[in-house]
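Novice: Have a look at this one.
Each reported figure results from applying straightforward, stated rules to the coordinates on display, with no laboratory input. In this text the structure is predicted, and so the values were computed from the model without any measurement. Every residue, glycine among them, receives a Cβ derived from its backbone with ideal geometry; neighbour counts consider all protein chains shown.
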Amino acid sequence: MSKTYYDPSDLKKFGNITEWSEELGEKFFDYYKKVFEEGALTAREKSLIALAVSHVVKCPYCIDAYTKDGLQRGITKEEMMEAVHAGAAIESGATLVHAVQMMNKVNQLDG
């Protein structure tokens, strides 16, 4: 078995972040819990959003957690992949729109 930088068992240790900063850790977890409560969006919808964002920010722990959570909430593999593609499209667009800044600079320097 190959060793990777990310150890899947570390996900279970996430709650330990309060050990070195109890107040801030607890505030984070209170906020996190509140965000994922049912509201204008369902917990299922929020799980799907979290899965897409997890891919965009490239967090393997989050990908594992929200893939599992999504399956438990009845999200299909097709819905998951479509959400990942939506995230990828936004990430790509955000990169490409910055080309306008480059183009402006080139025009300024050439001008």
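Novice: Given the DSSP H assignment, sum -39500 (n - 2.57) over each helix run of at least 4 residues in the chain and divide by its residue total; what's the result at 222 nm in deg cm²/dmol, nearest 500?
Specialist: After summing the helix terms and dividing by the residues of the chain, the value is -22000 deg cm²/dmol.
Novice: Nearest 10 degrees is fine. How inclined is helix 22-35 to the longest principal axis of the chain, computing both from alpha carbons?
Specialist: Between the helix axis and the principal axis of the chain, the angle is about 80 degrees.
Novice: Determine by what factor the alpha-carbon radius of gyration of the chain differs from 2.2 N^0.38 Å, reporting the quotient.
Specialist: 1.42
Novice: Could you work out how far the C-alpha centroid of the range 25-39 sits from that of the range 86-111, in angstrom?
Specialist: 35 Å
Novice: Counting other Cβ atoms within 10 Å of each Cβ, which GluC sites (Glu not before Pro) in the range 1-102 have at most 12 and sit in a DSSP loop?
Specialist: Within the range 1-102, the qualifying GluC sites (Glu not before Pro) (loop, at most 12 other Cβ atoms within 10 Å) are GLU37, GLU38.
Novice: Can I ask one more? Which loop trypsin sites (Lys or Arg not before Pro) in the range 32-111, with loop taken from DSSP, have no more than 14 other Cβ atoms within 10 angstrom of their Cβ?
Specialist: LYS58
Novice: Quote the relative contact order of the chain in percent (integer), defining contacts as alpha-carbon pairs under 8 Å separated by 6+ residues.
Specialist: 21 percent
Novice: Here's something else I'd like to know. Can you tell me how the range 1-61 classifies by the Cα gyration tensor, rounded, prolate or oblate, using a/c under 1.5 as the rounded cut?
Specialist: It comes out oblate by the Cα gyration axes.
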